[in-house]
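The values are calculated or read from the model by the stated rules, or taken from the named source; none is laboratory data. Everything numeric in this text was worked out from a predicted model, so none of it was measured. Quick reminder, even Gly has a Cβ in these numbers, built from the backbone with ideal geometry, and neighbours come from all protein chains shown. For accessibility, only protein heavy atoms count, side chains too; no ligands or nucleic acids. Shrake-Rupley method; radii C 1.70, N 1.55, O 1.52, S 1.80 Å.
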Amino acid sequence: MGAYSGPGEPGGPDGFGPYGPQQPPRREKKGPGWGATIAIAAIAALLGGGLAFGGNYAMSALQGDEPRKVADQTIETPDWTQVAEKTSESVMSIQIGTNGQVQGLGSGALYDDQGHVITNNHVVAPADTPGGEIAVTMKNGETTEAEIVGRDPSTDIAIIELEQVPDGVEPLEVGDSKKLDVGDPVMALGNPLGLADSVTTGIVSALDRPVSTENIGEDASSSEKELTITNAIQTDAAINPGNSGGPLVDGNGRFIGVNSAAASLSQAGEGEQSGSIGIGFAIPANQAVMIADQLIANGKALHPFLGITLTDGHINSGGISRGSAKVQSVQGGTPADKAGLKDGDDIIEVAGTKVNNAIALRALVRAQPVNKPVEITLVRGGQEQKVDVTLVLQ
């Protein structure tokens, strides 16, 4: 299997890449808002003389009888038609331009009634340069401009504010991403490949999946990239370029994640885009909301802080060999120092979730609450022990 990456973006240190600004499909300027259009050719094959069936197949449903009934909605079998109707008005297409030229596409969701929209940093960061523009199109076709309120490259969350808040559009209801289970049904909404108002469905394939990507940093005009580490929700709902920043919702239509990256079998060639292979990643809503609220309030965001430097480790415990996050140093006066962590400790678990390397630990720490004890399991001198760490923001 080749490297994992978002189409059109270089892979991160672990082979993952976000859906950054893409060169969209063939487009032409349209109207004062430089709205994009996309042409799609559809071919329909018609069989002369109708369809022939072997055997005595009943076809009454095609002849006007009542269609078959589907199972009543449950959390396992959501009524996706109702979910799409409930959520799609709150989802919008985002188009980024520089000096009137389209630079990339993305998605977002209305976050509050003040016109704040939550999306990805890598979607809107190119507009944080001279001549940068953001145009947002609602489901009803209404287009308005938007400005960046704040960006957080290290979590890939950004907030933009609409110039005009659309009438009758409600923010998405926020769910609790910590209550998700593997196998839960989910829906991804957004603007894949410029195809606005698209939805795809799937399930939660995995939780607490550490994903690292390269992202556009604080200085959007710089070629230097910043490392983004996400303790992601993995899903098999199809996600393609343009889905980035759009919401992932549960079977009740509640916002439980921000779609941000996908895996591909190999790097796309220059000027090419690779499509979905059924492995996508979303930033959990609990983490996204914590960052979004800070960006709205301050334009900047702080993150849960432990106070150690790390490297990948390897231990043998109880006859089992496994990876770990090895502590290289502990900064004085930090949460790690106060909890008694020491150089050489091998951390193997945080809050009940296993840790196999340094990236996994960083991702987990960023997903933890602050000012509350968090249990860390470590191995020191061949002995396993547990310590409570109270994280703070930094």
* Specify which of the listed residues (E147, E161, E85, E133) is open to solvent by 10 Å² or more (accessible area, probe 1.4 Å), closer than 16 Å to D293 by Cα and of a type in the set (D, E). => E161
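Is it the case that some residue within the stretch 249-268 is in contact (Cβ under 8 Å) with a residue 60 or more places away in the chain and basic (K, R)?
Checked the stretch 249-268: at least one residue is in contact (Cβ under 8 Å) with a residue 60 or more places away in the chain and basic (K, R).
Could you identify the single residue in D184, D167 that is over 14 Å from the mean Cα position of the chain (by Cα) and at pLDDT below 95?
Among D184, D167, only D167 is over 14 Å from the mean Cα position of the chain (by Cα) and at pLDDT below 95.
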* Considering residues of the stretch 227-257 that are at pLDDT 90 or above and open to solvent by 40 Å² or more (accessible area, probe 1.4 Å) only, the residue farthest from the chain's Cα centre (by Cα) -> N252
* Structure fact -> Only one of (1) crowded, with 17+ Cβ neighbours inside 10 Å; (2) within 29 Å of V258 (Cβ to Cβ) does not apply to N298, and that is (1)
* Asked: Taking the stated definitions as given, is A188 farther than 26 Å from I277 by Cα, open to solvent by less than 60 Å² (accessible area, probe 1.4 Å) and touching a Leu at 6+ places or on another chain (Cβ under 6 Å)?
  -> no
* of a type in the set (D, E), buried (at least 21 other Cβ atoms within 10 Å of the Cβ) and either part of a loop (DSSP other than H, G, I, E, B) or touching a residue at least 12 places away in the same chain (Cβ under 8 Å) (or both) - does that describe any residue in the stretch 306-327? -> no
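Taking into account only those residues within the stretch 259-280 that are of a type in the set (G, A, S) and at pLDDT 70 or above, which is farthest from H122 (Cα to Cα)?
Step one: filter the stretch 259-280 for residues of a type in the set (G, A, S), giving 260-264, 266, 268-269, 271, 274-276, 278, 280.
After this cut, where a residue has to be at pLDDT 70 or above as well, the list is 260-264, 276, 278, 280.
Details: S260: 9, A261: 10, A262: 14, A263: 16, S264: 18, S276: 19, G278: 21, G280: 16 Å.
Among them, the one singled out is G278.
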* Structure fact -> The correct count of residues that are over 11 Å from G246 (Cβ atoms) and open to solvent by 60 Å² or more (accessible area, probe 1.4 Å) in the stretch 196-206 is 2
* Can you give me the number of residues within the stretch 313-342 that are of a type in the set (D, E) and modelled with pLDDT under 95? => 0
* Which residues, taken from the stretch 330-349, are over 18 Å from H314 (Cβ atoms) and touching a helix residue (DSSP H, G or I) at 6+ places or on another chain (Cβ under 7 Å)? -> V330, Q331
* Asked: How many residues are under 18 Å from V374 (Cβ atoms) and basic (K, R) when one looks only at the stretch 320-346?
  -> 2
* When you look at I359, is it modelled with pLDDT under 95, open to solvent by less than 50 Å² (accessible area, probe 1.4 Å) and part of a helix (DSSP H, G or I), yes or no? -> yes
